[in-house]
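S.K.: Sharing a structure, written as structure tokens. Questions coming.
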Amino acid sequence: MAAQNFVCAQCHNRYPTHQKLFDVLYDFTRIAPENCCECGSPRELHLTLDFQLGAGDSDYKVVSAFLPERLESWLGDEAQEVTFYPFLVVLQRCGDGKQFCWMPYWHVTGKEARYGRHAVCLESRQFDSLMAQFGERMLEPV
């Protein structure tokens, strides 16, 4: 389970969100968070994520979030359209500043967003290593 808040970069006031995580991330990919009501400074999106298996809870600042330029859709059960929303979220752990690439995803059927399990969260060097290998492999003739 994730908890999300907007935090003022200047006065550190916390503003809880009243939206689901999908909606918060979707909005974050499109528009910057509103400024602080108290001091007018920019607000940052912070997430508290529980990664299980001893990784513990951590507070992360969302540095950026992305969706593919084109989303994939198909007809699912009962001929309902299903749209796949794979996010790439760059996180910075509060405290040590270490960056991670988190890849949560949702399947949206009608108006219901269903979270995809087993979202990957890689330390940024691991992610960069995988992308470099992918780039090298794509240059090889098939």
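The values are calculated or read from the model by the stated rules, or taken from the named source; none is laboratory data. This structure is a prediction, so every number in the text was calculated from the model and none was measured. Note that each Cβ is placed from the backbone with ideal geometry, even for glycine, and that neighbours are counted across all protein chains shown. The area values use the complete protein model at the heavy-atom level, side chains included, leaving out ligands, DNA and RNA. Shrake-Rupley method; radii C 1.70, N 1.55, O 1.52, S 1.80 Å.
S.K.: Any idea of GLU136's accessible area? Nearest 10 Å², probe 1.4 Å.
M.R.: Accessible area, nearest 10 Å²: 120 Å².
S.K.: A further question on this structure: Once you list every other residue whose beta carbon is under 14 Å from the beta carbon of LYS98, what net charge do they have if Lys and Arg are +1 and Asp and Glu are -1?
M.R.: Numbers: positive: LYS61, ARG93, ARG125; negative: ASP59, ASP96, GLU123, ASP128.
With Lys, Arg at +1 and Asp, Glu at -1, the neighbours total -1.
S.K.: Now for a separate question. Using a 1.4 Å probe on the protein heavy atoms only, what accessible surface does GLU112 show? Give it in Å² to the nearest 10.
M.R.: Surface accessible to solvent at GLU112 totals approximately 100 Å².
S.K.: Quick one: grab the alpha carbon gyration tensor of the stretch 79-142, order the square roots of its eigenvalues as a ≥ b ≥ c, and give me rounded if a/c is under 1.5, else prolate or oblate depending on whether a/b is larger than b/c.
M.R.: It comes out oblate by the Cα gyration axes.
S.K.: Please give the per residue accessible area of the chain, computed with a probe of 1.4 Å over protein heavy atoms only, in Å². Don't jump to the answer; show the numbers that get you there.
M.R.: Details: 9740 Å² over 142 residues.
Each residue of the chain exposes 69 Å² on average to a 1.4 Å probe.
S.K.: Let me ask you something else. Taking all protein chains together and a probe of 1.4 Å, list TYR60, TYR26, TYR15 from the most accessible to the least accessible.
M.R.: Working: TYR60 10, TYR26 70, TYR15 45 Å².
The residues order as TYR26, TYR15, TYR60, largest area first.
S.K.: How high is the relative contact order of the stretch 1-80, given as a whole-number percent (alpha carbon pairs under 8 Å, six or more residues apart)? Can you show the working numbers first?
M.R.: Values: 99 pairs, mean separation 23.5, N = 80.
The normalised contact order for the stretch 1-80 reaches 29 percent.
S.K.: Find out how many positive minus negative residues lie around CYS36, taking Lys and Arg as positive, Asp and Glu as negative, among other residues whose Cβ is under 12 Å from that of CYS36.
M.R.: Working: positive: ARG14, ARG43; negative: GLU34, GLU38, GLU44.
Result for the local shell: -1.
S.K.: Could you order ARG137, ARG43 so the one with the most accessible surface comes first? Probe is 1.4 Å. List each step's numbers first, then the result.
M.R.: Values: ARG137 160, ARG43 35 Å².
Largest accessible area first, the residues go ARG137, ARG43.
S.K.: Per-residue accessible area for LYS98 at 1.4 Å probe radius, Å² rounded to 10?
M.R.: Roughly 80 Å² of LYS98 is accessible to a 1.4 Å probe.
S.K.: When the solvent-accessible surface of protein heavy atoms is calculated with a 1.4 angstrom probe, in what order do ARG93, ARG70 fall, highest first? Write down the numbers at each step before the final one.
M.R.: Working: ARG93 60, ARG70 190 Å².
From most exposed to least exposed: ARG70, ARG93.
S.K.: For the chain, which whole-number percentage of the solvent-accessible area (1.4 Å probe, protein heavy atoms only) is attributable to carbon and sulfur atoms? Display every interim value, and only then the final one.
M.R.: Working: 5020 of 9740 Å².
The value for the chain is 52 percent carbon and sulfur by accessible area.
S.K.: Once fully extended, how much extra length lies between ARG125 and ASN35, figured as 0.36 nm per residue of separation less the alpha-carbon to alpha-carbon distance? The partial results should precede the final answer.
M.R.: On the way: separation 90, 0.36 × 90 = 32.40 nm, distance 3.17 nm.
Contour length minus Cα-Cα distance gives 29.2 nm.
S.K.: Taking every eigenvalue of the Cα gyration tensor of the chain, multiplying by 5 and rooting it, what semi-axes result, largest first, whole Å? The partial results should precede the final answer.
M.R.: Values: eigenvalues 152, 99, 45 Å².
For the chain, the semi-axes come out at 28, 22, 15 Å.
S.K.: In whole Å, how far is the Cα centre of the stretch 72-86 from that of the stretch 97-119?
M.R.: Their Cα centres are 15 Å away from one another.
S.K.: Between beta-carbons, use under 13 Å as the cut-off and find the net charge around THR17, counting Lys and Arg +1, Asp and Glu -1. Can you show the working numbers first?
M.R.: On the way: positive: ARG14, LYS20, ARG43; negative: ASP23, ASP27, GLU34, GLU44.
For residues surrounding THR17, the net value is -1.
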